[in-house]
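K.L.:
Take this structure, written in structure tokens, and hold onto it; I'll ask about it next.
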Amino acid sequence: MKQWEVAARKGARGFNAKFVSVCLAACLAACGGGGSSSNSADAEQSVTDFIDPTGAVYADAAPLASMTVDTDGKTPIVVKSTYLGADLGLTGADGIEPFSSRMTIKGHGNSTWTQEKKPYRLKLESKASLLGMPQDRNWILLANYFDKTLLRNRAALELGQRFGMAWTPRAQPLELTLNGEYRGVYDLVESIRVSKNRVNIADSDETTSPKKTGFIVEINARMDEAVCWHTTHGLPMCIDTPDPASDAQAAYIKDYVQKAEDALFSDNATDPATGYEQYFDVPTLIDWFLVNEIFKNQDAKSFASIYLYKDAGDKLKFGPLWDFDLAAGNVNYSDAQYPEGWWVADGVWISRMKQIDPTFEARVRARWNELKTSQIDTLPDFIESRAQALIANGAARRNFTRWKEMAVQTWPNAVIAGSYRGEVDYLKGWLVKRIAWMDGNI
């Protein structure tokens, strides 16, 4: 049985010296030019060790899609506030479906933006279908720098698709070359926006009357949007769409969210006519809750990336899903590290629903039982198949040769598995334990 090395100090950057020396030596040898045949053999063996020291042989897998981005004048992308002009080239797996376009690009993200391998936001010159995903101009390149499996976001979004949520962002892996420099494995993801192919609600601008406006709001402790506020019970809310919102639109959605919270915390919270379900769409909440609770997503307990949307004349619905790199045991500064115990259920609104409405937990349990065998229990198999492909086509090796972090405790990793195979096994094992705990306690 593998022994996982758990980081000893929460939130601290640390490393395993033995693993670091092995990994650095391997990467230097693998990336260096020339050398004797014996040195090349040693380098290849070292690379194998930090990918899969078991020496397992996997079925052939198609190469990942490849993307090239060349900014005008090779200008570095150093800010999140300003788009740069660029040329995009994209080729699908096996070299099919070549695509090229002018576009603009800028930085994206929060914690990951501070790292060497950075995420980006893309805006195409005109709408296009990329890697089989529906047409749009706006896309995100997720770096997954903190997640050494490169798979947590894709796995969570896969679960959202399996649950049949109204819209869950699609994601496709690719290898990125930026201004002639190989940047590793990324996920190309649909961004969250109002569109018939994405969040399909009433489109709007600041001139639309509030009652005819479609809104996307976010529980967001960073408070980094143009319009943000705190609810009476302390939840940090921001308007994502419309952007900008008019004063009347902002006043309307603030009032609606507060009325929803007031109803939830009232003495008549479960009243069919005046209670919280007049404002909250509970089926969407349950699906959102289950996905985030299965992954024990660090940020999903009243912090950030908690999206809700409201169509004109409709209730608040939960979703879309977003941001799972600090999930499924990949955090060392909270109890979200452990597969046991509730997490998202302790958030401000959901904990109140559990407290006052006995039918809420019954509906959660019924939805769990409906999905568990076919959709939830099979998620580790999905992860294994995608991991095997990344090993077989060499993408994992190229990524971690470029980014020498496999044996380093990158904040806020909870474990140092020492190899890609070990990271994947840790993720799968954590999820198996998590699903078993939830099944016994839901």
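K.L.:
May I ask you to list the residues in segment 215-242 that are in contact (Cβ under 8 Å) with a residue 40 or more places away in the chain and of a type in the set (Asp, Glu)?
P.N.:
Once the filter is applied, which keeps residues that are in contact (Cβ under 8 Å) with a residue 40 or more places away in the chain and of a type in the set (Asp, Glu), segment 215-242 yields GLU218, ASP240.
K.L.:
In this structure, does THR207 turn out to be free of Cβ contacts under 8 Å to residues at least 12 places away in the same chain, surrounded by fewer than 16 Cβ atoms within 10 Å (Cβ to Cβ) and not hydrophobic (A, V, I, L, M, F, W, C)?
P.N.:
no
K.L.:
Now a separate question. Could you please let me know if ILE435 is out of contact with any Ser or Thr (no Cβ under 6 Å at 6 or more places or on another chain) and either within 13 Å of ALA328 (Cβ to Cβ) or of a type in the set (S, T, N, Q) (or both)?
P.N.:
yes
K.L.:
Looking for whichever is closer than 22 Å to ARG398 by Cβ and at pLDDT 95 or above here; the options are VAL47, VAL69. Which one fits?
P.N.:
The conditions single out VAL69.
K.L.:
Inspect all residues belonging to segment 243-251 and state whether any of them is more than 18 Å from GLY313 (Cβ to Cβ), of a type in the set (Ser, Thr, Tyr), free of Cβ contacts under 8 Å to residues at least 60 places away in the same chain and touching a helix residue (DSSP H, G or I) at 6+ places or on another chain (Cβ under 7 Å).
P.N.:
Scanning segment 243-251, I find no residue that is more than 18 Å from GLY313 (Cβ to Cβ), of a type in the set (Ser, Thr, Tyr), free of Cβ contacts under 8 Å to residues at least 60 places away in the same chain and touching a helix residue (DSSP H, G or I) at 6+ places or on another chain (Cβ under 7 Å), so the answer is no.
K.L.:
Step by step: first the residues of segment 395-439, then only those that are polar (S, T, N, Q) and either modelled with pLDDT under 95 or surrounded by fewer than 19 Cβ atoms within 10 Å (Cβ to Cβ) (or both), then the one that is farthest from the chain's Cα centre (by Cα). Which residue is that?
P.N.:
Top of the filtered list is GLN409.
Here's the yes/no breakdown for (1) under 24 Å from the mean Cα position of the chain (by Cα); (2) among the aliphatic types (A, V, I, L, M):
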site	(1), (2)
ASP70	no, no
VAL79	yes, yes
GLU116	yes, no
ALA128	yes, yes
GLN135	yes, no
ASN138	yes, no
LEU142	yes, yes
LEU150	yes, yes
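K.L.:
Which one of these does MET406 not meet: (1) assigned to a helix (DSSP H, G or I); (2) of a type in the set (A, V, I, L, M, F, W, C); (3) touching a residue at least 60 places away in the same chain (Cβ under 8 Å)?
P.N.:
(1)
K.L.:
Could you count how many residues in segment 409-432 are more than 24 Å from LEU176 (Cβ to Cβ) and either part of a helix (DSSP H, G or I) or of a type in the set (Phe, Trp, Tyr) (or both)?
P.N.:
Total meeting the criteria: 8.
K.L.:
Just one of (1) more than 19 Å from TRP411 (Cβ to Cβ); (2) in a loop (DSSP other than H, G, I, E, B); (3) without any contact (Cβ under 8 Å) to a residue 60 or more places away in the chain trips up ASP60, so point out which.
P.N.:
It is condition (3) that ASP60 fails.
K.L.:
From the list THR71, THR54, THR75, pick out the single residue that is among the polar types (S, T, N, Q) and under 25 Å from PHE400 (Cβ atoms).
P.N.:
It is THR54.
K.L.:
Still on this structure: Considering only segment 243-253, how many residues are surrounded by fewer than 18 Cβ atoms within 10 Å (Cβ to Cβ) and part of a helix (DSSP H, G or I)?
P.N.:
Residues flagged as surrounded by fewer than 18 Cβ atoms within 10 Å (Cβ to Cβ) and part of a helix (DSSP H, G or I) within segment 243-253 amount to 3.
K.L.:
Taking segment 97-136 only, how many residues are within 27 Å of LYS196 (Cβ to Cβ), without any contact (Cβ under 8 Å) to a residue 12 or more places away in the chain and surrounded by fewer than 12 Cβ atoms within 10 Å (Cβ to Cβ)?
P.N.:
1
K.L.:
Same structure again: Just give me the residues in segment 259-276 being in contact with a strand residue (DSSP E or B) (Cβ under 9 Å, 6 or more places away or on another chain) and either within 20 Å of LYS211 (Cβ to Cβ) or charged (D, E, K, R) (or both), in sequence order.
P.N.:
Answer for segment 259-276, where residues must be in contact with a strand residue (DSSP E or B) (Cβ under 9 Å, 6 or more places away or on another chain) and either within 20 Å of LYS211 (Cβ to Cβ) or charged (D, E, K, R) (or both): ALA260, ALA263.
The values are calculated or read from the model by the stated rules, or taken from the named source; none is laboratory data. Only a predicted model underlies this, so the values are computations on that prediction, with no experimental measurement involved. Counting neighbours? That spans all protein chains shown, and the Cβs are built from the backbone with ideal geometry, glycine included.
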